[in-house]
Each structure stands twice: as structure tokens, then as C-alpha cells.
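This structure is in C-alpha cells; I'll ask about it shortly.
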Amino acid sequence: MLNLERFARALRLRWLWQEWVAPDKAWVGTETPFDNIDRLLFAACTTITLGNGSKTKFWSDGWLQGCRPKDLAPNLYKISKRKKISVQTAFTANSWIHDIPQQPGLTTTHLSELAALWIRTQNIQLQPNQQDQISWKLTTSGQYSASSTYKAQFFGCTKIKRSSYLRNSWAPPKCKFFIWRVTQNRVWTSDRLQKRGWTHSPSCPLCRFAPESALHLLAECRYTRRVWKLIAEWTAQPTMRTQEWQPSDSVAQWWQNSATTPSVPRKAMAIMTMLVSWEIWKERNRRVFRHHETSAPDLLSLIKQEALDWVVAGAKDLATLLSRE
């Protein structure tokens, strides 16, 4: 499935591309919904060849050996009087230097950045009779494509095979959807609520000790670990104890590791993981919204009953674990 946040960013970069190749569009020059990450990604994906310098922004475009001057001299950029001047204007009588205020507030950092930037621009020669050109690094045609932009955001990422266990194991659709959101780190735990500036609990509702995240809630919380210990004893599967789990750096890695627990049938373990995680999540929400707490043994009783219902409904693989009770 698409990562919607990164797909949206890929589409937004089309606007930056159109500003270059179709400057006559009506919206060019108006406020556009870009953030700094958008512009950094655009600079990384494009190559600018200077002509007369009229289309290239001196500070914010990556024309200087693939770098943006605002990144090379961030302190200088902050105090510059004109931040949107073109390269052509900036090179006219070195006006970009005159835009730096001559004030006592200049520090050695400012002077160092000024000297370094001045040295790097000395060998730049503009071509008065040519227009600036831009090309897209990620396509053979040199033209922007949303597909290449989307894929570029995953360079360096490690692909974790997790979909097959989720897709091929029986569980109610709402539980599968929940686990899919968990593996995408898209559930509303306190860490994500905090990033949005929304009301949140400073600590995990289950253990009241550590900050809450999806990984903590489902794999690291003391309450969750007690529940899994009881599950291991109930099913007579010692490898299901949390002490036997492999270390995980992300929720997706935790799901992959848990679904491949040694000596436990993979589909059965995937179903059990979905069931326990779903019940842990419901317990978390009961504490947050209803202020009602269930002990680990009582939650185990709920899991047992729910597991029997799942087996009757179609989770045949789960029955292989329950039969050992």
C-alpha cells in the first residue's frame, strides 16, 4: 500500500517542477503548500544548469555544485536582506554581498561563511544568451515523474516482508486493519499525539512509567510482557515469552519477528499476535476513555474467550495452539 504522506509529497513536487518548466501558469508566484523537506527533496532530485541566471533563485535553488547556498551558509542567509533574488541579480556587482548588513552583530561565523561562499562562486560564469535549464536526475528523459519521486523517498530503507503473514492469516478485518496501521506506525499513541500538539498522556496508560509509542505499547510495556508471559504458559509455548523475543527497532520489525517465533506455526503465531495486540489496544483505550482497568489475568480470560470465538469463526490455524492447552 502507498505511504500517503510520501505520495502527497511526490505530488507537491510537481508544482515546484512546473514553476520551472511552465512559469506562465496562473498560480506561479502565489503561496504554495511546500515545506522545507519538499524543497530539500526537490533540490536533491534536480540538476540546474545556469544560463543567464534569471530563473534560478540564488539562495534557495541547488545550482552551486548541487547545493543550495542557504544550506552552505545558513547564518548568512538568515541576515540577508533579499532572500528571493535570482542568481542574475545576485551576480550583478556582487549585490548578494551588499545584502549582508554591515552591523556590529556580524560574528566570525558569518564572516567564515561569507568567505567560503564567495570563493565557491568565483568560478561561476553566466551565459547571457541562454536560459537556465533544469533536469530530473531520477528519469532517463530528465523529466519529472511522481513515481520516481515517490520511490526516491525510500532510498536506503530496508524492506521488511510482513504482508504475507498478515494477508494469509485469518482474523477479523478490523484487527487486520489495526495491525496494518500498527506496522505503518499510524495508530494514535501519545508520541504521535504530541507531534500534532493534541492532548495526550505523558506516559503509557498501561504501565504509567515509560512514554507511550506503538512499539512500547505492544512489545516493551511491563503490562504487555506480563500478558504474553501468561499467554506462553496457557499455550505451553516457552518461546512466546518476551524474554525470548528478538530485539526490535520498529513496530514493523517487531511484527516480523513475532510472526516468525521459533517452534510456533507461523500462521498460528501471526493470528495470536493480532489477537493479543488487539486486546492490548482495547485495554489501553478502556483506561484512557473509560478509566476502567483490567488486570493481566483478567485480560487473559478475555483473550481465551475471544480466541475460541475466532476458531469457531474460521481461525483454524489458531486451533493448533489452543489444542495444547
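Restricting attention to the stretch 36-48, does a residue exist that is outside any helix (DSSP H, G or I) and of a type outside the set (A, V, I, L, M, F, W, C)?
yes
Before we move on, is Ala232 part of a helix (DSSP H, G or I), of a type in the set (Gly, Ala, Ser) and in the same structural domain as Cys175 (by TED's automatic domain parsing)?
yes
Suppose the filter is exposed (fewer than 13 other Cβ atoms within 10 Å of the Cβ) and free of Cβ contacts under 8 Å to residues at least 40 places away in the same chain; does Gly105 pass it?
yes
A further question on this structure: Please enumerate the residues belonging to the stretch 36-55 that are under 16 Å from Tyr150 (Cα atoms) and loosely packed, with under 13 Cβ neighbours inside 10 Å.
Passing the criteria: only Ile37.
Can you pull out the residues in the stretch 275-308 that are β-branched (Val, Ile, Thr) and outside any helix (DSSP H, G or I)?
Result: Thr294, single match.
Output the residues belonging to the stretch 120-145 that are farther than 20 Å from Cys67 by Cα and either surrounded by 15 or more Cβ atoms within 10 Å (Cβ to Cβ) or touching a Cys at 6+ places or on another chain (Cβ under 8 Å) (or both).
Ser145
Restricting attention to the stretch 168-195, report how many residues are in contact with a Ser or Thr (Cβ under 7 Å, 6 or more places away or on another chain) and assigned to a loop (DSSP other than H, G, I, E, B).
1
Another question, then. Identify, from the list Lys55, Lys81, the residue that is farther than 26 Å from Ala22 by Cβ, outside any helix (DSSP H, G or I) and at pLDDT 90 or above.
Lys81
Give me the pairs, please: first residue somewhere in the stretch 6-31 and on the phi > 0 side of the Ramachandran plot, second residue anywhere and of a type in the set (Lys, Arg) and buried (at least 18 other Cβ atoms within 10 Å of the Cβ), beta-carbon distance under 6 Å, and either six or more positions apart or on two chains.
Qualifying pairs under 6 Å: none.
The values are calculated or read from the model by the stated rules, or taken from the named source; none is laboratory data. Note that this is a predicted model, so its numbers are computed, not measured. Virtual Cβ from ideal backbone geometry, glycine too; neighbours counted across all protein chains shown.
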